[in-house]
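Readers should treat all values here as calculations from the given coordinates under stated rules, not as data from a laboratory. Predicted model only: the values in this text are computed from it and were never measured. FYI the Cβ positions are ideal-geometry reconstructions off the backbone, even for glycines, and counts take in every protein chain you see.
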Amino acid sequence: MTLNAPSGSSPQPSIPVHLIFDVDIFNLPGAEDDVQLAWRRLQTDMPPIFWTPKNGGHWIATRSEDIKYIQQHYEHFSHQEVLVPRTPLPTRLIPITLDPPEHAFFRQLVMPLLTPKRVAALTAIARTICTDLVEKLAPRGECEFVNEFSNILPVTVFLGMMDLPLDDRTHLVPLANSTTHPDPKRRYAANEALREYIERQIEARQKHPGDDPISTFLSTRRDGEPLGHEEVVGLSRVLLGGGLHTVAAAMSFSACFLAGSPAHRRQLIDQPELIPYAVEELLRRYGISNTARLVKEDFEYKGVLFHAGEMIQGPSPLYGLDEELIDDPTVVNFNRARPIPHAAFGNGPHVCPGNMLARRELRLFLEEWLRKIPDFAIKSGTKPRLASGILNGVLELQLEWEPIKAA
């Protein structure tokens with residue numbers, strides 16, 4: 001891919017013309033074939049840090065060292081804004097859009113929901129759901145993986161954790177998928193609809209408290225006072241997003257890769273002890289999140305002058321695709337030296353608190369799917385539909401296999 005700096009002056013006099021490239025993260029050349037490789041071309045073809053005038057104008061950092069620095073140094077790169085183009089949201093995402101020290105209190109409210117004991121209980125639920133889904137699909141010999149598997153398992157586990165009706169997933173999944181749409185109006189409308197859903201659940205818990213996260217938030221005291229309504233909404237909204245996005249996308253990318261690689265499938269079937277490492281390697285190769293940060297103050301970093309109010313992306317998928325960090329980064333190798341470096345769950349104070357549960361769900365998918373459907377492929381005559389943007393994703397994945405008799 002060759003991207004040239006656009007003609008004309010830079011968007012701001014302080015941005016050198018040689019650092020300006022027309023890059024639209026929602027329309028990366030080659031993303032229809034391999035989203036992550038499309039991002040990696042920015043890493044190999046662009047300066048380590050460059051500016052794009054697209055989507056409101058923002059910086060993009062492409063090297064692992066700089067991505068990690070951005071994720072860790074909130075004093076320069078704030079979480080107050082995480083989307084490009086910058087979009088007003090009807091709900092403040094708590095604790096995602098908070099910086100330390102304010103961030104710490106709310107993170108501590110979430111952590112008890114994801115203790116090893118609770119994750120173990122949720123894992124048991126996830127295995128039952130996973131097994132049931134696979135058993136139903138196996139005799140058919142085909143499926144559309146995204147809507148018939150990867151969009152079902154994580155949201156069902158989430159709804160169980162939140163003690164919400166399982167039937168709500170048909171309403172929630174399309175909304176969640178629209179919260180990172182390139183059109184800010186559609187993005188706002190989806191977030192508004194999710195807020196309305198959460199508002200209804202909060203009202204129900206106020207009338208009938210239970211042993212669930214929303215009830216816990218409602219009963220929490222801070223300095224002797226209950227949490228504000230917006231804080232309860234924001235906390236609930238973040239849990240909802242965490243349960244609907246990353247795991248589903250990671251499963252879909254993993255299924256897409258394995259459908260085209262019989263050798264890797266056979267390796268996991270013959271050596272199931274490799275599955276935990278396969279999860280890490282697939283998370284590294286097929287990263288998801290490309291959220292951004294808000295520059296808090298004017299300062300210079302590696303010769304680049306940033307100004308307060310600018311936005312910068314440090315795409316997490318590029319962290320694990322950096323050849324300065326890992327050999328043959330585009331190759332999937334389940335026998336890599338460990339630990340396998342990636343930033344799928346971030347770095348610094350905002351590391352995803354649900355990473356343990358996410359890893360368990362991905363392991364369960366590989367275990368249960370390969371146990372029952374060891375040989376599968378992308379359906380003849382179809383091509384996976386992939387998307388780049390704030391989150392990389394698989395929109396459609398048609399799979400086929402020889403029908404397997406029900407147990």
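Between amide H atoms placed 1.01 Å from N, distances below 5 Å from residue 30 occur with no residue 5 or more places distant or on a separate chain. Principal axis analysis of the Cα atoms in region 176-313 yields extents of 57, 50, 33 Å, listed in decreasing size. Remark on region 186-238: ratio of C-alpha radius of gyration to 2.2 N^0.38 Å is 1.18. Taking Cα centre as origin and charging only the Cβ of basic (Lys, Arg, +1) and acidic (Asp, Glu, -1) residues, the dipole magnitude of the chain rounds to 580 debye. Taking label points 7 Å from Cα along the Cα-to-Cβ direction, residue 189 and residue 128 give a separation of 3.8 nm. For region 235-351, the dipole from Cβ point charges (+1 on Lys and Arg, -1 on Asp and Glu) about the Cα centre works out to 460 debye, to the nearest 20. With R₀ set to 41 Å, the beta-carbon distance separating residue 120 from residue 32 gives a calculated FRET efficiency near 0.55. Across the options 364, 23, 258, the greatest Cα extent toward the positive end of the charge dipole of the chain (unit charges at beta carbon of Lys, Arg, Asp, Glu) belongs to 364. Membrane-span-like helices in the chain (whole DSSP H runs, Cα extent of at least 27 Å along the helix axis, mean Kyte-Doolittle hydropathy of at least 0.0): 116-137.
Pairs with C-alpha atoms separated by more than 19 Å, drawn from the list 68/302; 68/117; 54/185; 136/405; 185/296; 117/372, are 68/117; 185/296; 117/372. On the basis of the beta-carbon distance and an R0 of 25 Å, residue 221 and residue 351 show a calculated FRET efficiency of 0.40. Residues in region 380-397 carry Karplus couplings, in order, of 4, x, 10, 9, x, 9, 10, 9, 10, x, 4, 10, 6, x, 10, 7, 8, 9 Hz; the curve used is 6.51 cos²θ - 1.76 cosθ + 1.60 with θ = phi - 60°, and Gly or Pro positions show x.
Phi angles across region 331-343 convert, under the Karplus curve 6.51 cos²θ - 1.76 cosθ + 1.60 with θ = phi - 60°, into 3J(HN,Hα) values of 8, 7, 9, 6, 10, 4, 4, 10, x, 7, x, 7, 10 Hz, Gly and Pro given as x. For a straight C-alpha distance cut-off of 14 angstrom, the aspartates and glutamates reachable from residue 207 (same-chain residues fewer than eight places away being disregarded) are 199.
A Stokes-Einstein calculation at 10 °C with viscosity 1.306 mPa s, built on the Kirkwood radius of the chain over Cα pairs, returns a diffusion coefficient of 72 µm²/s. Its relative contact order, with pairs defined as Cα atoms under 8 Å and 6+ residues apart, puts the chain at 27 percent. Checking every one of the trypsin sites (Lys or Arg not before Pro) in region 228-334 against DSSP loop status and a limit of 16 other Cβ atoms within 10 Å picks out 302. Given +1 at the Cβ of Lys and Arg, -1 at the Cβ of Asp and Glu and no other charges, the dipole of region 327-403 around its Cα centre is 180 debye to the nearest 20.
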